[in-house]
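Contents: one structure, followed by commentary.
The values are calculated or read from the model by the stated rules, or taken from the named source; none is laboratory data. What you see is a predicted model, and the numbers here were worked out from it, not measured in a lab. Here the Cβ is made from the backbone with ideal geometry for all residues, glycine too, and neighbour counts use every protein chain on show. These accessible areas exclude ligands, DNA and RNA; they are computed on the full protein's heavy atoms, side chains included. Shrake-Rupley method; radii C 1.70, N 1.55, O 1.52, S 1.80 Å.
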Amino acid sequence: MHWAASMKITIIYDNEIYLEGLRADWGFSCLVETDNVIILFDTGANGATLLYNMEKLNIDPSSIDEVFISHAHRDHAGGLADFLKVNKKATVYLPGSIAKTHGLDKVVSVEGPIQIHEGVFSTGELKGIEQSLVVNTEKGLAVIAGCSHPGVSAILTAASRWGRVYALIGGLHGFREFELLRDLGLVCACHCTQFMSAIEKFCNEKYNSGGAGRTLQL
Ligand SMILES: [Zn+2]
Ligand SMILES: [Zn+2]
């Protein structure tokens, strides 16, 4: 069994706001804080909006150790360059298909499934487009997805190599195989999720609405 972390997620950038005073924009970013590392998952489309929301949420960009980019689409990677202007130390985990073209210093190219830290993993780049972040918490695995382009089924299957999936958080795109969510304990659908209200209905009390400013403690 892998070491379990306590984890806090703060949604920084989303199509909707959860907290008054933040900016909504098409894209996704969240802060993942575990006992041993602080990771920025995706960066939204626009660096100014990313940094604005961070400031409103009292997140100091320089406190972030690493950036994990799920995939190359602009609404996830667009804020990266501006973020790296205010944080020059962060290591950036990029899907292998784009790592070589980026020209950044501290880049880890992610191809297959890997452990990034104790209890923190990448599914690896699935179907040549997207990686998801997996954190082992005491309740089970938390899976954080950008747009779920490889499909939720493929993502959950890839994550399952490290244990039982408890939580699914992020953009789920056109996902509608709701049965896959039955055994999960927490679902938070954000960003590009098309069938959000149907997912909320299916998940009932396990459902957490997303939006910039939303925090989840696991
Ligand atoms: Zn996308
Ligand atoms: Zn997206």
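Key figures for this structure:
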read-out	value
Unsatisfied cross-links (Cα-Cα over 24 Å) in the set Lys88/Lys127; Lys139/Lys206; Lys8/Lys127; Lys56/Lys100; Lys100/Lys127	Lys88/Lys127; Lys8/Lys127; Lys56/Lys100
Mean accessible surface per residue for the chain, computed with a 1.4 Å probe while every protein chain stays in place, in Å²	42
Residue-span extension gain [Ala154 to Thr91] - 0.36 nm each, minus C-alpha spacing	20.0 nm
Accessible area in the full protein assembly, largest first, 1.4 Å probe, for Trp26, Trp3, Trp162	Trp26, Trp3, Trp162
Length released on extending from Ala48 to Asp105, taking residue separation times 0.36 nm less the Cα-Cα span	18.3 nm
Carbon plus sulfur fraction of accessible area for region 1-118, probe 1.4 Å, in percent	50
Ranking by accessible area, most exposed first, for Arg214, Arg176, Arg23 with a 1.4 Å probe	Arg176, Arg23, Arg214
Surface share of carbon and sulfur [accessible, 1.4 angstrom probe, percent] for region 156-218	46
Global geometry of the chain, whether rounded, prolate or oblate, following the gyration tensor of its Cα atoms and the 1.5 cut on a/c	rounded
Derived scalar couplings ³J(HN,Hα) [region 18-27; Karplus, 6.51 cos²θ - 1.76 cosθ + 1.60; whole Hz; x for Gly, Pro]	9, 10, 4, x, 8, 9, 9, 7, 5, x
GluC sites (Glu not before Pro) lying in DSSP loop within region 89-136, provided at most 15 other Cβ fall within 10 Å	Glu111, Glu118
Karplus (6.51, -1.76, 1.60) ³J(HN,Hα), θ = phi - 60°, over region 188-204, in Hz, Gly and Pro reported as x	9, 8, 10, 6, 7, 4, 7, 9, 4, 5, 5, 5, 4, 5, 5, 7, 6
For His71, net neighbour charge (Lys/Arg +1, Asp/Glu -1) across residues whose Cβ lies under 11 Å away	-2
Residue-averaged [θ]222 nm for the chain, counting only DSSP H segments that reach four residues, each worth -39500 (n - 2.57)	-4500 deg cm²/dmol
Three-way shape label, region 116-189, alpha-carbon gyration tensor, a/c 1.5	oblate
Straight-distance crosslink candidates among lysines, where the alpha carbon sits under 16 Å from Lys89 and sequence neighbours closer than 8 are dropped	Lys106
